[in-house]
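**Q** The structure is given below, and queries will be raised subsequently.
The values are calculated or read from the model by the stated rules, or taken from the named source; none is laboratory data. All of these numbers come straight from a predicted model, not from anything done at the bench. Please note: Cβ atoms are built from the backbone with ideal geometry, for glycine as well, and neighbour counts cover all protein chains shown. Accessible surface areas use protein heavy atoms only, side chains included; no ligands, DNA or RNA. Shrake-Rupley method; radii C 1.70, N 1.55, O 1.52, S 1.80 Å.
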Amino acid sequence: MIDFYLNGRRQRCSDVSADTSILELLRTTLGQTGTKEGCASGDCGACTVAIGEPDASGELVYHNANACITPAHQLEGCHLVTVEGLARGERLHPAQAAMVDCHGSQCGFCTPGIVMSLFTLYENQRRQPAPLTQERLEEALGGNLCRCTGYRPIRDAALAMSDYPAADPAWAEDPMLASNVVWLRRPAEGAPAGSGHYVAPQDLAALRALKARRPGARLVAGGTDLWLETTQQLKPLDDIIDVRQVAELHALDETAEGWWIGAAVTLARLTPLLAEPYPAFEHLMHRFASSQIRNRATLGGNIANASPIGDTPPVLLALDARLRLDGPRGERELPLADFFLDYRRTALAEDEFIAAIFLPRPSAEQNLKVWKLSKRREDDISAVLAAFAWRLEHGVMRDVHLAFGGMAAIPRRAPAAEAALEGRAPDAEAFAAARAALGEELSPMSDVRGSAEYRRLAAGNLLERLRLMIAADADNNIPATKVTLDAYAH
């Protein structure tokens, strides 16, 4: 049974299989066909919907999400808004009216998803007004692809929404809606929530007990990677443990040494916390997939997925992150560097799960640079991701950490290249030795995003970029922008 609200009306859906997506539930069970299937992989945004969840004060806060890869069971205790729920009779919502007047739609297939992203932007603006900069527009709409319009009229519509008179849907005027949704989220009594082969424990003890009984069950948090197995590979996902309601996995604990980040903390929630200690890491997160993905994807999931081209593991490796693993036999810690064993193979035992990630606090002298190479600037997967951490001490490099994604079967550091720089001045000779060592110790793969030869050359060039930027920082007469031009480079 899934108990939720859809466009202001309560829905109770029974006999929903574990691997049903929101998109499938909408179109085949509820008859709401305004939400479209485009790629079925979270890449195009045609299926975008808005999910409302209560904040600490009980107010509903909406975020956009890809319906094609979001488990339908995660609607439990939420308010789902689709394109059918925006207009009030003939009166359009400002997001819809602006799209019409700015000619933001041509074939119309992608339009519902774009409108829903505009709706969440509109709602966020209403809650927390702020200038609609180009960066904010790209962040809000970067996950919505359109082959027809060229994006300029869509951008114009986004900028024009606030000029229209408020036109709230009927459900927005229901004073009881938020409290009704809160009531649905009341703690479950007895067995974990869910039905059949989909269960959602609410605390760590229940999760441990489930893993003891069902060690082969798949864990899902955001589902942004796992759900591709059913949409792209047509594999059944018939034994699911949903960890999104486990309170301990959402904790953010700050210590004198750093931060313990719960494995179920979403990337959207994590991003602003990185701004002060690690601005380069924070900046990278704006290029992690799309807002739809970041609103659902979790840091623990990005690690456990063990993709060689995942965006966060190389940065975490460069920063000496650690993991806390947990399970029915108790918890243990290990360095992240010891977690990845081989392609898609990790140190997790069958009955274990990632509970938290430790991010060390940077020293005053520590530097971090992160560069992502991809075919598209927005909403794309890395071909190569490089994360470089070091400090300068009396003119020589110390604690050099060079980590890469896309350069081996696992995300990993490059110890030989690090040794070539450790204790040496950051000059051309030292970096030439590091590039030579890098070419010998890493064996990149070839795939649709780049050949092995391209990746090897690109990784070496990123090391050279690092040398040039260190030189630019040391010489005020050489602006860093003259070294490299990249809209998002740090």
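**Q** Relative to the longest principal axis of the C-alpha atoms of the chain, give the angle of the C-alpha long axis of helix 111-127, reported between 0 and 90° and rounded to the nearest 10°.
**A** Its long axis makes an angle of about 80 degrees.
**Q** I need the calculated FRET efficiency for the pair R10 and H394, taking r as the beta carbon distance and R₀ as 56 Å, to the nearest 0.05.
**A** Efficiency, rounded to the nearest 0.05: 0.25.
**Q** Could you check how much of the accessible area of the chain is carbon and sulfur, as a whole percent, using a 1.4 Å probe?
**A** Ligands and nucleic acids excluded, carbon and sulfur reach 50 percent.
**Q** Please work out how much accessible surface M116 shows to a 1.4 Å probe, ignoring ligands, DNA and RNA, in Å² rounded to 10.
**A** Roughly 0 Å² of M116 is accessible to a 1.4 Å probe.
**Q** Roughly how tilted is helix 204-213, in degrees to the nearest 10 and between 0 and 90, from the longest Cα axis of the chain?
**A** Taking the Cα atoms of the chain, the angle to 204-213 is about 90 degrees.
**Q** Determine the calculated [θ] at 222 nm for the chain from helices alone, applying -39500 (n - 2.57) to every DSSP H run no shorter than 4 residues and normalising by the residue count; nearest 500 deg cm²/dmol.
**A** My calculation for the chain gives -8000 deg cm²/dmol from helical runs alone.
**Q** To the nearest 20 Debye, how big is the dipole of the chain about its Cα centre, given +1 on the beta carbon of each Lys and Arg and -1 on that of each Asp and Glu?
**A** Values: 50 positive and 63 negative charges, 130 e Å.
Here the size comes out at about 620 debye.
**Q** Right, here's the next one. Roughly how many Å² is the accessible area per residue of the chain, as a whole number, for a 1.4 Å probe?
**A** Using a 1.4 Å probe on heavy atoms only, each residue of the chain averages 43 Å².
**Q** Straight-line reach from K36: which lysines have Cα under 23 Å away, leaving out those fewer than 8 places along the same chain?
**A** K235
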